[in-house]
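Asker: A single structure is presented below for examination.
What follows is calculated from the coordinates using simple rules that are stated; it is not laboratory data. Only a predicted model underlies this, so the values are computations on that prediction, with no experimental measurement involved. All Cβ positions, glycine included, derive from the backbone under ideal geometry; neighbour counts span all protein chains shown.
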Amino acid sequence: MQRFPDGFLWGAATSAHQVEGGNTNNDWWDFEQAPGTTAAESSGDGIDHLHRYAEDFELLAALGHNTHRLSLEWSRIEPAPGRYSAAAIAHYRRVLTALAAAGLTAFVTLHHFTLPRWLAAAGGWLAPGAADRFERYCRHVTAELGELMPFVCTINEPQMIALHGYLEGYHPPGISNPVLWQRVGRVLLGAHHTAVRAVREAGGGRCRTGLAVQLPLLAPARDDDASRALHRLLQHEIVDLYLDGLAGPDGGDWLGVQYYRKQWVDPALPGRFGEPPPDVQRTQMGWAVHPDGLRQILHHAAARTDLPLYVTENGIATEDDTERVRYLRTHLAAVARALAEGVDVRGYLHWSAFDNFEWAEGYRPKFGLIAIDHARDFARVPKPSAHTFARIAATGRLDATP
Ligand code: GCO
């Protein structure tokens, strides 16, 4: 087994709304409280990362991480249109300073699913001028915090915002409309380009910007015309539109690849995606485990963009941590193979550092390397998988682990 290259980035990812707690001024909070939505429960206190960030970063560093991905909460920074909170900026300056002090390289996402309540009320990403609002927020954050943000991710998973929010109605704003689905994806891609320019200008060359896209391995459920046609449509709308949209100077400096699973496209089903075949392993989310998909998707991303790649999310929801250890090892082996085959992959950030708030599914799915004991004052309890990850990160070798 080949060694991962020196300088490879090792870490894990979170997002603000999933861990901070008390994010009451965004669209997700409202969605969680509203009757009749898909949300299982409220995000509530999160895992109280808002107050425990410094000890969290020290723990991650002690567990071998050299990098950490987190997001800033737009609704804290801009609680009302054009009104920026100095206290929120000061908070995130302390957060990012603590991150650097722990020896971790920061990957900072500017928009990870949550919108300020005022922007959602105005129409969210389809509000007139939404991309301009986002640009001003990006510019402000970068001017204030740029020296602490070596890697800036503009938007997390624009395709999933569009798919879950505007076609499946499974995330806010809970819409199911194929026209709006396709429109909002293009708005988000445009917002990424605008944000790249804003961060470059305000950051003065200190921040390397990128987009994080979720790239499922899609396959037609059957070998017939209807399945192939729907597969082509979804492959374009979920994957290729975004990869091809990164050509040109405003595409960014790197691409974040997020991979979880293989999905079978089935035109006979209202939900468009079929159940995995019976012999395929499934996670707590019902997702099909398919490690070689990560290798394939890294090749696909490399073939369609010229950008260096970072795996910015990859992980499994399971109560059985031995499954997580296996998932980690098999998916890292897929990354190692892609590297050996010449793909320029520069880091791997596992989803997630901690068990956390999994959006509409609430706290039930366990994605973390570290458990949270909510009954014991949010105590952090590293799982065996956290130690497996630590050994791989420390040695750069998969075979160094028992
Ligand atoms: C996403 C988000 C994460 C999720 C993770 C597991 O991919 O939906 O980036 O916030 O929690 O992917 O679903």
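Asker: Can you pull the Kirkwood radius for the range 206-298, inverse mean 1/r over Cα pairs, to one decimal in Å?
Answerer: 14.6 Å
Asker: Let me ask something else about it. So how many Å³ per residue does the convex hull of the Cα atoms of the range 48-185 work out to?
Answerer: Normalising the Cα hull of the range 48-185 by residue number yields 113 Å³.
Asker: Have a look at the DSSP beta bridges in the chain and tell me what percent are antiparallel, nearest 5.
Answerer: In the chain, approximately 20 percent of DSSP beta bridges are antiparallel ones.
Asker: Report the relative contact order of the chain, percent, no decimals, based on alpha-carbon pairs under 8 angstrom and at least 6 residues apart.
Answerer: 19 percent
Asker: Could you tell me whether the range 327-379 comes out rounded, prolate or oblate from its Cα gyration tensor? Rule is a ≥ b ≥ c as square roots of the eigenvalues, rounded for a/c under 1.5, then prolate if a/b exceeds b/c, otherwise oblate.
Answerer: Prolate, because a/c is 1.5 or more and a/b exceeds b/c.
Asker: While we're looking at this one, here's another question. Taking the Cα centre of the chain as the origin and placing charges on Cβ (Lys, Arg +1; Asp, Glu -1), which of 334, 360, 381 is farthest toward the positive end of the dipole?
Answerer: 334
Asker: Take the Cα atoms of the range 1-59, build their convex hull, and give its volume per residue in Å³.
Answerer: Looking at the range 1-59, the number lands at 147 Å³ per residue.
Asker: List the chymotrypsin sites (Phe, Trp or Tyr not before Pro) within the range 258-333 that DSSP assigns to loop and that have no more than 12 neighbouring Cβ atoms inside 10 Å.
Answerer: Passing sites in the range 258-333 do not exist.
Asker: Shifting gears a bit: Can you tell me how much longer the chain between residue 268 and residue 98 gets when fully stretched, taken as 0.36 nm per residue apart minus their C-alpha distance, in nm with one decimal?
Answerer: 56.1 nm
Asker: Further question on the same structure: If r is the Cβ-Cβ distance from residue 34 to residue 397 and R0 is 51 Å, what FRET efficiency results, to the nearest 0.05?
Answerer: E(calc), rounded to 0.05, equals 0.55.
Asker: Right, another one. One-quarter of the Cα convex hull surface for the chain, in nm²?
Answerer: Mean projected area for the chain: 18.5 nm², to one decimal.
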